[in-house]
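Below you'll find the structure, written out as structure tokens, and then a few comments.
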Amino acid sequence: MNKGGAGNSRVLVAAVLLILLAVILVRTAWVSDDAYISFRTVYNITHGYGPVWNTTERVQAFTNPLWVIFLALLTRITGEMYFTVILTSIVASMAAVYVVTMRLARDTAALVVAMAALLLSKAFIDYSTSGLENPASYLIIALFAAVFYSSGNRMRRFALLCAIASIGAVNRMDNLLLYAPVLAVAFWELRSVRTFLVGLVAFSPLWLWEVFSVLFYGFPFPNTYYAKLHAGIPQSERIMQGITYYIETFSIDPLTLLVIATASAIVIAQRRRAEYALVAGLAIYLLYTVRVGGDFMAGRYFTVPLLLSAILLARTKLPTSGLARYVPLAAVLVVGLSAPRCPVYSDETYGTHGENGINQRGIADERAWYYQYTGLLRMDRSGAPVVDHTWYREGIRDRAITAKSIAFSCVGFYGYAIGPTKHVIDGYGLSEPFLARLPMCTRPDWRIGHFSRYLPYGYRLTILSSDIHIADTGLARYYEKLRTITRGRVLAWERLKTIVKMNLGFYDHLLENWSWPKPKVKQYVEVSTPIEVPSSWDDEGHVVLDRGGVVIVMDTVYHNERVEISVDHNDYYVVSFLRDSVMVDWLRIIRKAPPAGGMRVDTLDVPQWAYEAGYDCITVIPESGDDLFSMGHLRVLPDLE
């Protein structure tokens, strides 16, 4: 009788906590700009263009094949993206937590501690929606753990572990690091030819996807892999950036990292040897996160490790009596509820209280950055688009222009809204196979995951024609080979040979002697009045810019809080403030069209880091637009009293 009563109590507690989770997820639900990169592919699949980003070339612009395929099936039925994604994400996240509470938790006390860690983790809650693949990863690793802790036939268990890990890798390949030690141990315990064959068959989801990827796209990895990890960033800088990612995440969400560390420490301290492989997977994944430089979304890379750590907590045997029984829960509540951005307190005003900044190393609270534009509680019931962001509106506007190709950075909202008929050139190379293989433009303000590549001369014309107009002969020959892969007949013998040679690096030498244009250098000259507007972008006296931009060398160190600049109106520019050749801070000039077009004058608020540290150099670098870039003038303004 007592056992049955305890079981009923556990079910009741779990039900209450799951309901609380559902409420928090609805209150925090949002969709990120990056998710819409995948959504454009989903749209193209459901509208008959195939699994491509630009309809004219085969490029895997997404890192989450399983999530893309699943969303394509669902949106084919619903005919709608935004609400379908949010509902699917909430259901998948709650299903994962249900497995933790009802299948994996050791007892009610452990269940409550694990659930408190998840409910109060900003990272876990933020990416339980967002449109990214995290919810599917949650469910997959929860099922993996359920099989891991199960008993029965060991060969059957090994096969299930391999199959689930394979599916998890198709959802996001780097998650395979979390599963690898468990699979290695399970294989070693049964080591035989039969075990190897069983594992090989069980891993068929991943092998089948890789075969498709190489045959269809020409490469085994997503295009984002080449864009992000082949940008020319020194490994030492990546590692420092990765450490910074930990620090920034801890500053706004300390509970997440503390839970991961504590759960692993408990397993080791209690000598739970069967779970050492799970802890090893966590360690390998966390080291990998440092090695790749982390991410620009604070906390995103820690969400799946957190869920696995919550599972380890749920399996922990807590003290049965005394105050010690309540210490773990109290610690989680104190740390979680006192965190500066605890998700429990979040409401429809989130992102309006100073949370939406990007720190000096380019790491942002991504939900704070976009919630006011895509948050579920911010939905406009008037019938306006559910994504109320400038980039989305610009995409809708640009559908009607005659240009067949458009260069743009941050292509998520924009690329989805503009529709499939335009070839959108991604300045970060995430969806551009050619730009992804070029090194990042040399600039002191690089941001992790946002490695700018500008268009080599002739590239825009090349992608719209059958001829190659790229001026540099090495780049032209390389692009010719690449275009054979991305646009040639899938099973053509010449294409298959080119795929093999490209992946083995036979054509890499064609890129060795090429470099981005050097910036122009101008001495700062005091200007008493701005240029007259409207005026044409190439009027006499204006600095016509190529992709290298311009470096303005100051005559002294300035601490002024404002500068004035005139630039061509329909482009994006990055303005960086340097002292002693080191970037202090930066900001972006967003394109906008004045009534008369031409040049426009902007007054820029110098970032606080920059005016406090001082700056003796300013760089102005074109980011994207129509390739007609220019700067009319720049002058330092006196501070306001």
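Some values worked out for this structure:
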item	result
Ser166 within 30 Å of Trp493 (Cβ to Cβ) and polar (S, T, N, Q)	no
Search result, residues across the range 87-108 that are farther than 17 Å from Leu20 by Cα and touching a helix residue (DSSP H, G or I) at 6+ places or on another chain (Cβ under 7 Å)	Thr88, Arg103, Leu104, Ala105, Arg106
Criterion violated by Val327 - all others in (1) under 30 Å from Ala274 (Cβ atoms); (2) crowded, with 18+ Cβ neighbours inside 10 Å satisfied	(2)
Options Thr56, Thr41, Thr28: the member that is within 30 Å of Gly395 (Cα to Cα), surrounded by 13 or more Cβ atoms within 10 Å (Cβ to Cβ) and at pLDDT below 95	Thr56
Among (1) within 26 Å of Val290 (Cβ to Cβ); (2) without any contact (Cβ under 8 Å) to a residue 24 or more places away in the chain; (3) among the aliphatic types (A, V, I, L, M) - the single one Leu177 does not satisfy	(2)
Residue match in the range 515-522 (condition: assigned to a loop (DSSP other than H, G, I, E, B), under 37 Å from the mean Cα position of the chain (by Cα), modelled with pLDDT of 90 or more and exposed (fewer than 13 other Cβ atoms within 10 Å of the Cβ))	no
Matching option when the condition is acidic (Asp, Glu), in contact with a helix residue (DSSP H, G or I) (Cβ under 9 Å, 6 or more places away or on another chain) and without any contact (Cβ under 8 Å) to a residue 24 or more places away in the chain, among Glu512, Glu494	Glu494
Selection count, the range 523-564, where residues are modelled with pLDDT of 85 or more and β-branched (Val, Ile, Thr)	9
Residue in the range 289-301 that is under 28 Å from Leu104 (Cβ atoms), more than 24 Å from the chain's Cα centre (by Cα) and assigned by TED's automatic domain parsing to the domain that holds Ala184 present	no
Residue match in the range 326-334 (condition: farther than 30 Å from Leu178 by Cβ, assigned to a loop (DSSP other than H, G, I, E, B), outside the structural domain of Gly415 (by TED's automatic domain parsing) and not β-branched (Val, Ile, Thr))	no
Per-region count, the range 388-411, residues within 26 Å of Thr249 (Cβ to Cβ), in contact with a strand residue (DSSP E or B) (Cβ under 9 Å, 6 or more places away or on another chain) and not aromatic (Phe, Trp, Tyr)	3
Only one of Thr303, Thr316, Thr289, Thr256 that is among the β-branched types (Val, Ile, Thr), touching a residue at least 24 places away in the same chain (Cβ under 8 Å), in contact with an Asp or Glu (Cβ under 9 Å, 6 or more places away or on another chain) and under 24 Å from Ala14 (Cα atoms)	Thr303
Filter result (surrounded by 13 or more Cβ atoms within 10 Å (Cβ to Cβ) and in contact (Cβ under 8 Å) with a residue 40 or more places away in the chain) within the range 330-347	Val332, Leu333, Val335, Gly336, Leu337, Ala339, Arg341, Cys342, Pro343, Val344, Ser346
Hits in the range 427-484 - residues which are surrounded by 19 or more Cβ atoms within 10 Å (Cβ to Cβ), acidic (Asp, Glu) and at pLDDT below 90	Asp445
Test for Arg487: is it at pLDDT 90 or above, of a type in the set (Lys, Arg) and surrounded by 16 or more Cβ atoms within 10 Å (Cβ to Cβ)	no
Residue match in the range 245-260 (condition: under 18 Å from Val170 (Cα atoms), modelled with pLDDT of 95 or more and part of a helix (DSSP H, G or I))	no
Matching helices (runs of 4 or more DSSP H) fully within the range 96-183 where at least 2 residues are more than 23 Å from Asp34 (Cα to Cα), assigned by TED's automatic domain parsing to the domain that holds Asp253 and not hydroxyl-bearing (Ser, Thr, Tyr)	108-120, 134-148, 154-171
In the range 364-400, the residues that are modelled with pLDDT under 90, part of a loop (DSSP other than H, G, I, E, B) and not charged (D, E, K, R)	Met379, Ser382, Gly383, Ala384, Pro385, Val386, Val387, His389, Ala400
Positions within the range 401-437 being part of a loop (DSSP other than H, G, I, E, B) and within 20 Å of the chain's Cα centre (by Cα), in sequence order	Ser409, Cys410, Gly427, Tyr428, Gly429, Leu430, Ser431, Glu432, Arg437
Phe219 being crowded, with 16+ Cβ neighbours inside 10 Å and either among the acidic types (Asp, Glu) or assigned to a loop (DSSP other than H, G, I, E, B) (or both)	yes
Flag for Tyr127 being of a type in the set (Phe, Trp, Tyr), surrounded by 21 or more Cβ atoms within 10 Å (Cβ to Cβ) and within 26 Å of Tyr416 (Cα to Cα)	yes
Exclusive hit being in contact with a Pro (Cβ under 6 Å, 6 or more places away or on another chain) and under 30 Å from Phe212 (Cβ atoms), set Leu496, Leu510, Leu475, Leu504	Leu475
Conditions (1) among the charged types (D, E, K, R); (2) out of contact with any Gly (no Cβ under 8 Å at 6 or more places or on another chain); (3) in contact (Cβ under 8 Å) with a residue 40 or more places away in the chain; number of the one not met by Asp602	(3)
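The values are calculated or read from the model by the stated rules, or taken from the named source; none is laboratory data. Note that the structure is a prediction, hence the values are computed from the model and not measured. Virtual Cβ from ideal backbone geometry, glycine too; neighbours counted across all protein chains shown.
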